[in-house]
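Here the structure is laid out as structure tokens; the discussion comes afterwards.
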6 protein chains.
Amino acid sequence: MTTKNIAVFPGSFDPVTIGHEEIVRRGLGLFEQIIVAVGENAGKREFLDLALRVALIRKVFRDEPRVRVESYTGLTVDYCERVGASFLLRGLRTAADFEYERAVGQINRAMNARVETIFLLTSPRHTFISSSIVKDILLNGGDASPFLPSHVTREDLKFNI
Amino acid sequence: MTTKNIAVFPGSFDPVTIGHEEIVRRGLGLFEQIIVAVGENAGKREFLDLALRVALIRKVFRDEPRVRVESYTGLTVDYCERVGASFLLRGLRTAADFEYERAVGQINRAMNARVETIFLLTSPRHTFISSSIVKDILLNGGDASPFLPSHVTREDLKFNI
Amino acid sequence: MTTKNIAVFPGSFDPVTIGHEEIVRRGLGLFEQIIVAVGENAGKREFLDLALRVALIRKVFRDEPRVRVESYTGLTVDYCERVGASFLLRGLRTAADFEYERAVGQINRAMNARVETIFLLTSPRHTFISSSIVKDILLNGGDASPFLPSHVTREDLKFNI
Amino acid sequence: MTTKNIAVFPGSFDPVTIGHEEIVRRGLGLFEQIIVAVGENAGKREFLDLALRVALIRKVFRDEPRVRVESYTGLTVDYCERVGASFLLRGLRTAADFEYERAVGQINRAMNARVETIFLLTSPRHTFISSSIVKDILLNGGDASPFLPSHVTREDLKFNI
Amino acid sequence: MTTKNIAVFPGSFDPVTIGHEEIVRRGLGLFEQIIVAVGENAGKREFLDLALRVALIRKVFRDEPRVRVESYTGLTVDYCERVGASFLLRGLRTAADFEYERAVGQINRAMNARVETIFLLTSPRHTFISSSIVKDILLNGGDASPFLPSHVTREDLKFNI
Amino acid sequence: MTTKNIAVFPGSFDPVTIGHEEIVRRGLGLFEQIIVAVGENAGKREFLDLALRVALIRKVFRDEPRVRVESYTGLTVDYCERVGASFLLRGLRTAADFEYERAVGQINRAMNARVETIFLLTSPRHTFISSSIVKDILLNGGDASPFLPSHVTREDLKFNI
């Protein structure tokens, strides 16, 4: 088991939330290294640009040498192969989440059975937090700081809005 | 309890449906005043323009002095503070609805604990009716009148399509 | 609206949880009086006997004159008529909850359209708490106190286990 | 029952998947003729153009005289009337699917009670396959062939990507 | 297709509801014969005894020569083989229903791929009706007649309660 | 991370299924040791007695030294403490499963934050398999062998039925 205990935590992180941070920190109890992998999704309209999304997550985990932050293109399972990760890490919040995650997890396994998806439960106090809700709050001029990692400040996000 | 028995019924109402109308009328048994609040959502592509959406809802409730119709921008909980409403009123149709409404309701409570969201069940005969399905029917040249409030006529909608 | 602002909060409360307590306390912002109504369900195997269940809930709300605790038999909507309540109050935790509550709420409306069911969202930190999970903890010798109202002590429950 | 045993299998088929193929082939045990009806949806951004989508489905069923492939505009129930079909055929994969299909099925019945929607269960091995996931794989340069009907080759799709 | 257009509509029907009746009547547009098959389930506590359940359903369909009512033991797919039915007919009401029906339908297919399960949607006005809710109403002395087929009277059920 | 990479896979396993076997085998890619822990549940009616359930699971994993099979009483998180396990392993099949597992997982975390629950997705071909469905097949005289681990024979189960 020595060489393969690396997990990829993929997402668009637009923006990263306190819910994402918590899953990664708890995941460190299970994995030696976690790579937070920010997908470039040509089709999807983005709120924050890719470089800022990566920079924010790096700021969140700057104290944690076992977390690496990267962006990637192409299939997630191909990215796992490239970085030598045998695991995908995902958080589960709701039943709707689960149905979507199950489809993605099963298609990933069908494409590459060497990569296993591991799920953790989001904490009850973070269950209702999602990037899209945080984005809506920011776009409506609200204070999203209770839903953002403590290292992310309003100034960090002002560059973009 | 005298001063605060006002509820906001927020939505995009694009267009208002017979399901919306029913929730508001039943809500009048619980609240002294209901403000139907039409959100201006810059990000979302609209079908009917904001002024028409407001005008249609006003027509639906012109016989009901306890219903007020307004548009708003910004966070819904901030709007509630501005108009002195302690309650948000929402209808629930399906389990998918519920999961979405729960996230919104919990984030609203996290931002402003003085505003409580109250849910009523949509009637069985209206469970399948949504603005987006009504819009699809209209765009495909169908007769949506069974799903629209009785005060809304085909002519009311022709201006826009 | 003067005479009818009474709500019934029905259930088996076997035992009452911190989640039930929270819904009733928040419901007092909406209703002048709430009657916590403990159903006698001949068919269902009970954990605590009816008298103890009623006594525990009375202890929880002994500081709150607007809450009354009673037991009842027969249909819930008939009980509402007897006590002059126009509303049923229920908490919603999960999508599975919702589907069950919707069926019960719609059948109640079909039997008596004068009684309206009003739903509040359970707080995120109480979403996972149910009487049956608390019962399992108690039966397995665990400490259920974080999930019980603060007025309910281990001694209160010892009489029964 | 002689004249009406025709079913319409409507969808956007962008692109057709192995899951669609399976539902149609199993549906032939129940219906004398199945019309695969490719909807032109002006509002929705398409991946493959309409002519290619129709051509691919025709290729899949070229060995099956009881399957006809057509495109249509307007309401699906109106199309059923035009082609003399009393049934709509749909596959069900997940609970989320079901909630969407129920709303569409009930609105269709409300508009035309002569058309009945019939559901089959997708096979477990196809439950996670959807057009949108297949599209994502293709857009990310992955090999989608395990999820496509055997008659559809990479070359068939290259014209479009 | 001549010999196999028979469907089995299996259940415990404890008691039969207006929802069951509607699914069978609509199913007659698709199948030449429908066998309502009342399962004897040794493990499950019954409300009405098997003979009464069969008698009530026969009364409901006494005007319909294409409906046969029988009881059976053993696996449902084995029963289908014995009576020459290629189809199982089921109604779908809710997402929770669907998840249960999917498991049963897939296990049935795994045991006997010659038997296909066909689903119809329950009408919106019957979505909340189930045998267990009707049973609860009857046990609590309520009037269940709006939820029972019109041929079933209170006297029919008095023998048993 | 050296001392704590042990997971408990708890359940009633009444009986063990091919779905359980698969989750444990895949879990061995993540954990050094997995303890299959068969809960003694005084309240629940059992199909196979506890000793047989343990014996069957031992037979399934007799070739796998990293899997240990035990029975336990009391809270699952207390059992984890006793055996030095920091993880609970669970498989997820459906949205209904998820909602139940989320409640149990969150209550376990609330009682003991040192124990983390890890979820794997059941394979699509095993999604519909549960102990209760297998039990029903066996009680109805059907052939459940496709749903049982290959090491479990009909003779193994005959002692009990």
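Two numbers describe the Cα atoms of the protein assembly as shown: Rg and Dmax, which are 28.4, 78 Å. Accessible area per residue (1.4 Å probe, heavy atoms of protein chains only) ranks C:SER132, F:SER86, C:SER150 as C:SER150, C:SER132, F:SER86, with the largest value leading.
For A:GLU40, the point set 7 Å out from Cα toward Cβ sits 3.7, 3.7, 6.1, 6.9, 7.2 nm from its twins in the other copies, listed from shortest up. Pairing chains A and F buries close to 2400 square angstrom of accessible surface in total, based on protein heavy atoms and a 1.4 angstrom probe. Taking every pair of alpha-carbon atoms in segment F:65-148, give the share separated by more than 23 Å as a whole percent. More than 23 Å apart: 39 percent of the Cα pairs in segment F:65-148. Helices that extend 15 Å or more along their long axis by alpha-carbon positions and average at least 0.5 on the Kyte-Doolittle scale are, among the DSSP H runs of chain B, B:50-60.
Summing Cβ point charges (Lys, Arg +1; Asp, Glu -1) relative to the Cα centre of the protein assembly as shown gives a dipole of roughly 0 debye. Magnitude of the charge dipole for segment E:6-156, about its Cα centre and with charges confined to Cβ atoms of Lys, Arg (+1) and Asp, Glu (-1), is about 200 debye. Accessible area of C:LYS44 (1.4 Å probe, protein heavy atoms only, ligands and nucleic acids ignored): about 120 Å². With the biggest extent put first, the Cα atoms of segment E:6-156 measure 44, 33, 32 Å across the principal axes. Structural descriptor for chain A: relative contact order 31 percent, calculated from alpha carbon pairs under 8 angstrom and at least 6 residues apart. Dipole orientation for chain F: of the candidates F:VAL67, F:GLY19, F:ALA51, F:VAL67 has the Cα lying most toward the positive pole (charges on Cβ; Lys, Arg +1; Asp, Glu -1). Note on F:LEU121: accessible area approximately 10 square angstrom, rounded to 10, probe 1.4 Å, nucleic acids and ligands left out.
When F:ARG114 is represented by a point 7 angstrom out along its Cα-to-C-beta vector, the spacings to that point in the other copies are 3.7, 4.5, 6.0, 6.0, 7.2 nm, nearest first. Structural descriptor for segment D:4-50: relative contact order 54 percent, calculated from alpha carbon pairs under 8 angstrom and at least 6 residues apart.
Between copies, the label points at E:GLU64 (set 7 angstrom from Cα along Cα-to-Cβ) are spaced 3.0, 3.9, 4.9, 4.9, 6.0 nm, reported in nanometres from shortest to longest. Neighbours of E:ASP14 by Cβ distance under 9 Å: Lys/Arg scored +1, Asp/Glu scored -1, total +2. Under a 5 Å amide H cut-off, with hydrogens placed 1.01 Å from N, F:GLY11 pairs with F:ALA37, F:GLY39 among residues at least 5 apart or on other chains.
Where chain F is rotated onto chain C, the residue of F whose Cβ comes nearest the axis, and that gap in whole Å, is F:ALA96, 4.
Is there a simple number for the mean count of other chain Cβ atoms within 10 Å of the Cβ of residues in A:111-123, and what is it? Write out the running numbers ahead of the final one.
Values: counts 6, 1, 1, 1, 0, 6, 3, 8, 9, 5, 14, 2, 5.
Counting Cβ atoms of other protein chains within 10 Å of each residue's Cβ and averaging gives 5.
The mean number of partner chain beta-carbon atoms within 10 angstrom of a residue's beta-carbon across peptide B:138-149 is 3. Find the accessible area per residue for the protein assembly as shown; the probe is 1.4 Å, ligands and nucleic acids are left out, and the unit is Å². Heavy-atom SASA per residue in the protein assembly as shown reads 41 Å². Counting only heavy atoms of the protein chains and using a 1.4 Å probe, C:THR153 has close to 50 Å² of accessible surface.
The values are calculated or read from the model by the stated rules, or taken from the named source; none is laboratory data. Treat the numbers as computed from the prediction; the structure is a model and nothing was measured. We place every Cβ from the backbone using ideal geometry, glycine too, and count neighbours over all the protein chains shown. To get the accessible areas, we keep the full protein, side chains included, count just its heavy atoms, and leave off ligands, DNA and RNA. Shrake-Rupley method; radii C 1.70, N 1.55, O 1.52, S 1.80 Å.
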